[in-house]
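Enquirer: The structure's right below; bear with me while I get my questions together.
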Amino acid sequence: MPNAPTPIYVTQPHLPPLDDFVPMLREIWDSKVLTNGGPFHQRLEAALAEHLGVGHIALFTNATVALVTALQALRITGEVITTPYSFVATAHSLLWNGIKPVFVDIDPVTLNLDPARVEAAITPQTTAILPVHCYGRPCDTAALQRIADTYGLKLIYDAAHAFGVRDGGGSVLRHGDLSVLSFHATKVFNTFEGGAIVCPDAKAKTRIDHLKNFGFVDEVTVVAPGINGKMNEFQAALGLMQLRDIDLQLDRRALIDAHYRDALAGVPGIRCVERDPRARNNHAYFAILVGPEFPLTRDALYERLKSQGIHGRRYFHPLITQFPMYRGLPSAAPANLPVATRIAQQVICLPIYPALTLDDVDRIAGIVRDAAVPRSHACPSTPTPSYANSGWSTAEWASSSPGALPCTASPASAWATTAASTTSA
Ligand SMILES: Cc1ncc(COP(=O)(O)O)c(C=O)c1O
């Protein structure tokens, strides 16, 4: 009997050859410096600042602790405006600081916090805005900064997805008062677990360095109720290795992204979430939206993929606002968040990672294309499709935005030619 194909998950962490890592491990063993801002920690901070083109970086054990610390560093209190369409850690970082999240809807094309709606959510208690560069696509940073300046608010970006993303002026991480990166195993740049705060100046970094080390300034002085958020030497050493070929990895992701777009071009009812045409994207995720024209619901397509060994993820479903600790807030009501509510019902993130082969991309896209065969062409045993939970009528889908169009092929090639000339990684 033929073996079942190996399951393909939404992501697979990139790791350097183990033999290259061993000398670094030996150095750590020999020095016996395992953590507390040791030499690898310091080297990675400097290397990342240079690589990303930003002034100052404070490394953390993960992004969640970094988010909690960023809010502490700026003494944020009261209410903070944020997005419901994110990983739950974004809002949890507010609750850990005793801050009330105020959820504002997202833009239907970028899936980022909609600046046009932010202003209406500001109250006398608002002290900051916490947007997310969702899937690595830059927020409307100019509009958000204008609002922050007008109302005297701080702006902290959850940039967990945005490693290596650049807009016209440079790294997207330079915007706002602070930006927080994640180096979790699922991210484009990983240090097993890890994170960082990008700071505008040395003063901000010094305060954050104190906060991530229990508030210690020196052996006998503690200036704040800090936390233990330090990245250890093993994580930092891995980060230095990962930096060697990160650009190659991003190029590979770009190729896979383009291949998906070609392979899914023209499939009715499938929209590939757009890249920012003006940005250097990092292709951290490949998200599609399953609209009402598609014969299967999103969940049915997700299950169909899974039954064939393709484990996508419905990021971000459920919305943060559906979890028990948030759903009682007035701003969490679905009526306040119509766009995020629809998108959460339609999204599937398909697998994307540097080791994914283009043959695999063709196979995954083929499952989606096969499922798109109209009902009249389907075999009699095909279950009746249902749009019941799609949330959008066909007319809404068609008229919602330019982004509601089906995927378009990248200019270089059409589905037929790429399918014929596919090469593996
Ligand atoms: C948008 C967002 N914010 C925060 C986090 C938390 O990151 P970490 O796992 O490094 O704590 C994640 C991810 O995993 C994320 O996707």
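Only the coordinates and a few stated rules stand behind these numbers; no lab work does. Worth saying up front: this structure is predicted, and the values here are computed from it rather than measured. A quick note on method: Cβ atoms are made from the backbone with ideal geometry, for glycine too, and the neighbour counts reach across all protein chains shown.
Enquirer: Hey, fewest Cβ within 10 Å first, where do Ser171, Ser93 land in order?
Expert: Ser171, Ser93
Enquirer: What is the order of Thr123, Thr11, fewest Cβ neighbours within 10 Å to most?
Expert: Thr123, Thr11
Enquirer: As a test of the formula, what do you get for the chain when each DSSP H run with n ≥ 4 contributes -39,500 (n - 2.57) and the sum is divided by the residue count, at 222 nm and rounded to the nearest 500 deg cm²/dmol?
Expert: -10500 deg cm²/dmol
Enquirer: Starting from the Cα of Lys230, draw a straight line to each of the aspartates and glutamates and keep only those under 16 Å, dropping any in the same chain fewer than 8 residues away.
Expert: Glu45, Glu193, Asp209, Asp218
Enquirer: Given charges of +1 on the Cβ of Lys and Arg and -1 on the Cβ of Asp and Glu, with all other atoms neutral, how large is the dipole of the chain about its Cα centre, in debye to the nearest 20?
Expert: The calculated dipole for the chain is roughly 540 debye.
Enquirer: Below 20 Å, Cα to Cα, which lysines can Lys100 reach? Residues fewer than 8 away in the same chain don't count.
Expert: Lys154
Enquirer: Right, next: Rounded, prolate or oblate: which fits the chain when a ≥ b ≥ c are the square roots of the eigenvalues of the alpha-carbon gyration tensor, with rounded for a/c under 1.5 and prolate only if a/b beats b/c?
Expert: oblate
Enquirer: Taking other Cβ within 10 Å of each residue's Cβ, how do Ile106, Ile57 sort, fewest first?
Expert: So the residues, fewest neighbours to most, are Ile57, Ile106.
Enquirer: Put +1 on the Cβ of each Lys and Arg and -1 on the Cβ of each Asp and Glu in the chain; which of Val290, Thr6, Val132 then has its Cα farthest toward the positive end of the dipole?
Expert: Ranked along the dipole, the leading option is Val290.
Enquirer: Would you work out the charge dipole size for segment 18-243 about its Cα centre, treating the Cβ of every Lys and Arg as +1 and the Cβ of every Asp and Glu as -1, and quote it to the nearest 20 debye?
Expert: 260 debye
Enquirer: Give the residue from Leu67, His51, Ile81 lying farthest towards the positive end of the charge dipole for the chain; charges sit on Cβ (+1 for Lys and Arg, -1 for Asp and Glu) and the dipole is referred to the Cα centre.
Expert: Ile81
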